[in-house]
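Following: one structure in structure tokens, then a few remarks.
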Amino acid sequence: MLAPATASSLPNRAGIGLRSPHLSEVRRNRPPVPWFEVHSENYFVSGGPSLQALLDVRSDYPISLHGVGMSIGSSDPLNQEHLRKLEFLVDTIEPAAVSEHLCWSAIDGRWLNDLLPLSYTNEALNQVCSHVSQVQDTLRRPILVENVSSYLRFHSDEMYEWEFLAQVARRTGCQILLDINNIYVSARNHRFNENDFLAGIPVGTIGEIHLAGYEVVEEDGDELLIDTHSRPVYPEVWTLYQKALERFGAVPTLIEWDQDIPSLATLMEEAAKAQVYLDVVAIPELQRVAMRG
């Protein structure tokens, strides 16, 4: 089993997702952002201008690679070509962290453009752990796995999502990328207590946190929350984020915004809000370290 302490070397500060509209501005101005995250699949090339641009950013900033297409929860074998491309990218840019979604998006060789939730059974747990271990063995490093938002549940579930996630971390040595917005969205959609999710995740397993915005739609007379990454972080999600930091301590935190992408300045303002929460947690931690010293 790989040591989870090496899964992430990101600074315990608030970064932002680097998307193509802001790439030139970042390369030109080198804004004071502690770290950036990119989608791995956007750089699955062996060379050329896009990879060179990422290497240029990497020369000044820690980079987190966030995958959306590994489908580690599928009953299909892992796509070896996909895994080979990820390995090349990891070896090329030496990221501070590598993460994948705890979901599936392929079955019988057919790919779906979505991050689909798992049935939380022991059979699925064994399959996911096998896939996570295979990815880690190939990359020669632990990864982080992220909880996804969901809009349905399975009658076959044998455990809660947070129990499943904790077991994956325990059995494989990976760490958890805790998406606070996804917790809140799923909690509202399935009517469970979001605090139970936080309480079910072991302290020391969180290597990164995501924050994003959702949208609300009407479905059969009920409200349905959709994880769109198209809005500022909602007050309720900020509150849950504060509770997460109180439980897990200061954790590298990312502002995600993938649709209706605003200016880089707006993203940096959102990250600054997250940094305020991180600083509140970090100051007592530093004081305790100083007292022990």
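The values are calculated or read from the model by the stated rules, or taken from the named source; none is laboratory data. Owing to the predicted nature of the structure, the values given are computational and were not obtained by experimental measurement. For neighbour counting, all protein chains shown are included, and Cβ atoms are generated from backbone atoms with ideal geometry for every residue, glycine included.
Counting residues that are in contact with a helix residue (DSSP H, G or I) (Cβ under 6 Å, 6 or more places away or on another chain), under 24 Å from Tyr151 (Cα atoms) and touching a residue at least 60 places away in the same chain (Cβ under 8 Å), which helices (runs of 4 or more DSSP H) fully inside the range 181-293 reach at least 1?
Values: elements: 194-200, 235-248, 264-292.
Where helices (runs of 4 or more DSSP H) fall fully within the range 181-293 and carry at least 1 residues being in contact with a helix residue (DSSP H, G or I) (Cβ under 6 Å, 6 or more places away or on another chain), under 24 Å from Tyr151 (Cα atoms) and touching a residue at least 60 places away in the same chain (Cβ under 8 Å), they are 235-248.
Here is a list of conditions, (1) out of contact with any strand residue (DSSP E or B) (no Cβ under 7 Å at 6 or more places or on another chain); (2) within 27 Å of Trp104 (Cβ to Cβ); (3) polar (S, T, N, Q), and Ser24 meets all of them except one; can you say which number that is?
(2)
Which residues, counting only those in the range 97-122, are at pLDDT 95 or above and surrounded by fewer than 16 Cβ atoms within 10 Å (Cβ to Cβ)?
Across the range 97-122, the qualifying residues are Thr121, Asn122.
Give the number of residues within the range 59-77 that are in contact with a strand residue (DSSP E or B) (Cβ under 9 Å, 6 or more places away or on another chain) and among the charged types (D, E, K, R).
Initial filter on the range 59-77 (in contact with a strand residue (DSSP E or B) (Cβ under 9 Å, 6 or more places away or on another chain)): 61-76.
Then drop every residue that is not among the charged types (D, E, K, R), which leaves 76.
Number satisfying all stated conditions: 1.
Mind counting the residues in the range 135-158 that are modelled with pLDDT of 85 or more, out of contact with any Cys (no Cβ under 6 Å at 6 or more places or on another chain) and not in a helix (DSSP H, G or I)? Please lay out each step first, then the result.
We begin by selecting, within the range 135-158, every residue modelled with pLDDT of 85 or more; these are 135-149, 156-158.
Those still in the list that are out of contact with any Cys (no Cβ under 6 Å at 6 or more places or on another chain) too: 135-141, 144, 146-147, 149, 156-158.
Checking the rest, the ones that are also not in a helix (DSSP H, G or I) come to 140-141, 144, 146-147, 149, 156-158.
Residues that pass the stated criteria total 9.
Yes or no: the range 120-142 includes at least one residue that is of a type in the set (A, V, I, L, M) and within 23 Å of His229 (Cα to Cα). Explain how you work it out, then say what you get.
Here is the first cut: in the range 120-142, the residues of a type in the set (A, V, I, L, M) are 124-125, 128, 132, 135, 139.
Filter again for within 23 Å of His229 (Cα to Cα), leaving none.
The answer is no, given that none of the residues of the range 120-142 is of a type in the set (A, V, I, L, M) and within 23 Å of His229 (Cα to Cα).
Is it the case, given these coordinates, that Leu224 is surrounded by 13 or more Cβ atoms within 10 Å (Cβ to Cβ), among the aliphatic types (A, V, I, L, M) and at pLDDT below 95?
Working: surrounded by 13 or more Cβ atoms within 10 Å (Cβ to Cβ): yes; among the aliphatic types (A, V, I, L, M): yes; at pLDDT below 95: yes.
Yes.
So if I check each of Pro95, Pro77, which one is without any contact (Cβ under 8 Å) to a residue 40 or more places away in the chain, closer than 21 Å to Ser8 by Cβ and not in a helix (DSSP H, G or I)?
Working: Pro77 fails: closer than 21 Å to Ser8 by Cβ.
The unique qualifying residue is Pro95.
Hey, any hits in the range 52-63 for a residue that's under 21 Å from the mean Cα position of the chain (by Cα), in contact (Cβ under 8 Å) with a residue 24 or more places away in the chain and in a strand (DSSP E or B)? Let's see the steps before the verdict.
Here is the first cut: in the range 52-63, the residues under 21 Å from the mean Cα position of the chain (by Cα) are 54, 57-58, 61-63.
Subsequent filtering for residues that are in contact (Cβ under 8 Å) with a residue 24 or more places away in the chain retains 54, 57-58, 61-63.
Going one step further and asking which of them are in a strand (DSSP E or B), we end up with 63.
Yes: one or more hits.
Are there any pairs, at least 6 apart or on different chains, whose C-beta atoms fall under 6 Å, with the first in the range 160-174 and in a loop (DSSP other than H, G, I, E, B) and the second buried (at least 23 other Cβ atoms within 10 Å of the Cβ) and not small (Gly, Ala, Ser), and if so, which?
Filtered contacts from the range 160-174: Gly173/Pro142; Cys174/Val132; Cys174/Pro142; Cys174/Ile143; Cys174/Val145.
Restricting to the range 230-259, and then to whatever is surrounded by fewer than 19 Cβ atoms within 10 Å (Cβ to Cβ) and touching a Gly at 6+ places or on another chain (Cβ under 8 Å), can you tell me which residue is nearest to Asn181 (Cα to Cα)?
As a first pass, look at the range 230-259 and keep what is surrounded by fewer than 19 Cβ atoms within 10 Å (Cβ to Cβ): 230-232, 234-236, 238-239, 242-243, 246-247, 249, 258-259.
Restricting the remaining residues to those that are touching a Gly at 6+ places or on another chain (Cβ under 8 Å) gives 230-232, 234, 258.
Working: Ser230: 12, Arg231: 11, Pro232: 11, Tyr234: 9, Asp258: 14 Å.
Out of the qualifying residues, it is Tyr234.
For the range 164-200, name all the residues that are among the aliphatic types (A, V, I, L, M) and either under 13 Å from Ile143 (Cα atoms) or surrounded by 24 or more Cβ atoms within 10 Å (Cβ to Cβ) (or both). First the steps, then the outcome.
We begin by selecting, within the range 164-200, every residue among the aliphatic types (A, V, I, L, M); these are 165-166, 168-169, 176-178, 180, 183, 185, 187, 198-199.
Leu165, Val168, Ala169, Ile176, Leu177, Leu178, Ile180, Ile183, Val185, listed by residue number.
Considering only residues that are free of Cβ contacts under 8 Å to residues at least 60 places away in the same chain, of a type in the set (A, V, I, L, M, F, W, C) and not in a helix (DSSP H, G or I), which ones fall in the range 16-45?
Across the range 16-45, the qualifying residues are Leu18, Phe36, Val38, Phe44, Val45.
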